[in-house]
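Structure first, commentary second.
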Amino acid sequence: EEPTPVKNGTVSDNLVKDPAMTVAWGDSYALLDKEGRIVRIKCADTSATFSTVDALIAYLEEYLIGEGYELVRSYAFSEDTLSLRYEKVLFPGALDQYDYVAVNIHTPLAKLETFYRASSGFQPRAVDTIIGEEAALAVANSCLEEDETITDTRLTTVDPNDFFGNAAAEDGLRLAYTFSTESKIIFVDAYTAEILGGDVYK
């Protein structure tokens, strides 16, 4: 079936509330933003398949996701569905976890099931103003118990909170080192070394 533009509001989607344009075909649809970028696809069309899953991924990365995004997670969401998550590269070694693309692929048919792009608008400061990881780790250690060990470190955007009783002075996303243990995660501001909060794993 040939895709046709339809009036906004005729497709209900819980992720994109006010698309600039909606294109629908059968039970499938794509939602576009004001710049003409696809921000959401929900595909029920079983004829829109690729020769292999790898061929579909290559197509998505070249034509829909584009440059400047890094694959950070690939996992089996279900027996027939592969889930991929790409995050925006702010600069080498730093990612914006709130500017991402999430993709679900039906693996038996090598078919796109869903595509979603989220944008944060976050703009980092100059790279040379970032504190070193060791300095940030020294601050994070103040929130650790003696027997806790860091299992993962990332430089990424965070939404500050007052998990450790140190509420951030500013609202909005911040660039931070995130230090993970087996039970918790600690945010340390990448510019000021301020504790920005964290979380526990449930």
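Inside the stretch 26-50, can you point out the residues that are open to solvent by 50 Å² or more (accessible area, probe 1.4 Å), in contact with a strand residue (DSSP E or B) (Cβ under 6 Å, 6 or more places away or on another chain) and either in a loop (DSSP other than H, G, I, E, B) or at positive phi (or both)? The answer is Ala44, and nothing else. Per this entry, Glu70 is counted among residues that are of a type in the set (Asp, Glu), part of a strand (DSSP E or B) and surrounded by fewer than 19 Cβ atoms within 10 Å (Cβ to Cβ). Could you tell me whether any residue of the stretch 50-61 is in contact with a helix residue (DSSP H, G or I) (Cβ under 8 Å, 6 or more places away or on another chain) and either in contact (Cβ under 8 Å) with a residue 12 or more places away in the chain or under 30 Å from Ala190 (Cα atoms) (or both)? For the stretch 50-61, residues in contact with a helix residue (DSSP H, G or I) (Cβ under 8 Å, 6 or more places away or on another chain) and either in contact (Cβ under 8 Å) with a residue 12 or more places away in the chain or under 30 Å from Ala190 (Cα atoms) (or both): present.
Each residue in the stretch 12-44 was checked for being in contact (Cβ under 8 Å) with a residue 60 or more places away in the chain and charged (D, E, K, R), and 3 pass. Considering only the stretch 102-112, I want to know if a residue exists there that is in contact with a helix residue (DSSP H, G or I) (Cβ under 6 Å, 6 or more places away or on another chain), without any contact (Cβ under 8 Å) to a residue 60 or more places away in the chain and within 30 Å of Thr129 (Cα to Cα). The answer is no; no qualifying residue exists.
The values are calculated or read from the model by the stated rules, or taken from the named source; none is laboratory data. Fair warning: this is a prediction, and the values are worked out from it, not measured in the lab. Note that each Cβ is placed from the backbone with ideal geometry, even for glycine, and that neighbours are counted across all protein chains shown. Accessible surface is based on the protein model in full, side chains and every heavy atom, while ligands, DNA and RNA are left aside. Shrake-Rupley method; radii C 1.70, N 1.55, O 1.52, S 1.80 Å.
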